[in-house]
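Peer 1: Can you keep this structure in mind? I'll have questions shortly.
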Amino acid sequence: MKKLIIGNWKLNPQTLKAAVTLARATDKRGVILCPPHLFLEEISHTLKKALPCAQDISLDEKSFTGGVSVNQLKTLRVKHTLIGHSSRRTQGETDEEINQKMKIALKEKITPILCVGESISTHRKGTVAVKQFVTHQIKKALNKIPSDRKFIIAYEPIWAIGTKRPDTPEESGALIAHIKELTKKMGKKNIKVLYGGSVNGKNAGSFLRQKNIDGLLVGMASLNAKEFNKIIKTNG
Ligand code: PGA
């Protein structure tokens, strides 16, 4: 079965024209694209096969300067949002805020893609510490969320994001197996868990071949249509 490939464009590209060109060139089934909010409306109209996704949602529905609400997203055919990406967590987003955002998205039938992952200092402490850290993040994020709600998890070790130093497929595969065990124990069935962090056209296959890895969250390499298409092709 085909796995899920998500492109996280962050603050790129610089112009709407370039964003539309990139979206057209990578518009494939099984792909989810996360453009900046600024371009989301146009990209959601542009895409025919891939699905548009927000990079974040606001906690506040009506009065948060610079925010985007789930209700606004719903008017744009947007059915997914990233929540708790490490670039937000490292700027102070808390587990409690992430849990609230999960609840807001789920209430409005937008599927959250919950990002979790450890820093380099936790990574250096070894596998047990990493498992404990990620378990804590997931338990906090899923606090009081009914077990029948659908969401996706992306395991993205912070030290592997944008560093050209990906985790090994075996280690991330083992950690993802742990995440699946954990969510199963919490009563959540069939949760898709993806890997993210320095994925490119060359290494994508080695992650996709891991049985526990259900797909990839790709940053940098999703900005280059040729490279991203190579990843999509690897997925079959
Ligand atoms: P990267 O980013 O692929 O550039 O490491 C991944 C992400 O931030 O989601």
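All of the numbers you see were taken from the coordinates with simple rules; none came from a lab. Please read all numbers here as calculations on a predicted model, not as lab measurements. For neighbour counting, all protein chains shown are included, and Cβ atoms are generated from backbone atoms with ideal geometry for every residue, glycine included.
Peer 1: List the residues, sorted by chain then number, that are 5 or more residues from Val218 or on another chain and whose placed amide H is less than 5 Å from its amide H.
Peer 2: For Val218, the qualifying residues are Ile6, Gly7, Asn8.
Peer 1: Then there's this: Pick out which of Ser86, Ser147, Ser198 has the largest mean-square fluctuation in a Gaussian network model of the chain, springs linking Cα atoms closer than 10 Å.
Peer 2: Result for the chain, Cα springs under 10 Å: Ser147 fluctuates most.
Peer 1: Given Lys103/Lys185; Lys79/Lys202; Lys103/Lys188, which pairs have Cα atoms separated by over 18 Å? All intermediate terms of the calculation are to be shown ahead of the outcome.
Peer 2: Working: Lys103/Lys185 20 Å; Lys79/Lys202 30 Å; Lys103/Lys188 15 Å.
Violating the 18 Å limit, Cα to Cα: Lys103/Lys185; Lys79/Lys202.
Peer 1: Check which residues have an amide H placed less than 5 Å from Thr111's amide H, if you skip close sequence neighbours.
Peer 2: Correct list: His80, Thr81.
Peer 1: Pairs of Cα atoms under 8 Å, at least six residues apart: use those to get the relative contact order of the stretch 1-139, whole percent.
Peer 2: Details: 205 pairs, mean separation 22.9, N = 139.
Reported as a whole number, the value is 16 percent.
Peer 1: How do Val128, Val134 rank when sorted from fewest to most other Cβ atoms within 10 Å of their own Cβ?
Peer 2: Working: Val128 8, Val134 22.
Neighbour counts put them in this order, fewest first: Val128, Val134.
Peer 1: Using 7 Å Cα-to-Cβ label points, what is the Thr163/Lys62 separation (nm, one decimal)?
Peer 2: Taking the two extended label points, one gets 4.4 nm.
Peer 1: Can you work out ³J(HN,Hα) from phi for every residue in the stretch 91-98, in order, using Karplus 6.51 cos²θ - 1.76 cosθ + 1.60 and θ = phi - 60°, giving whole Hz and x for Gly and Pro?
Peer 2: 9, x, 5, 9, 4, 5, 5, 5
Peer 1: A follow-up question, please. Near Leu106, within a Cβ-to-Cβ distance under 9 Å, what is the net charge of the other residues, with Lys and Arg +1 and Asp and Glu -1?
Peer 2: On the way: positive: Lys103, Lys107, Lys109, Arg149, Lys150; negative: Glu108.
Combined, the nearby Lys, Arg, Asp and Glu give +4.
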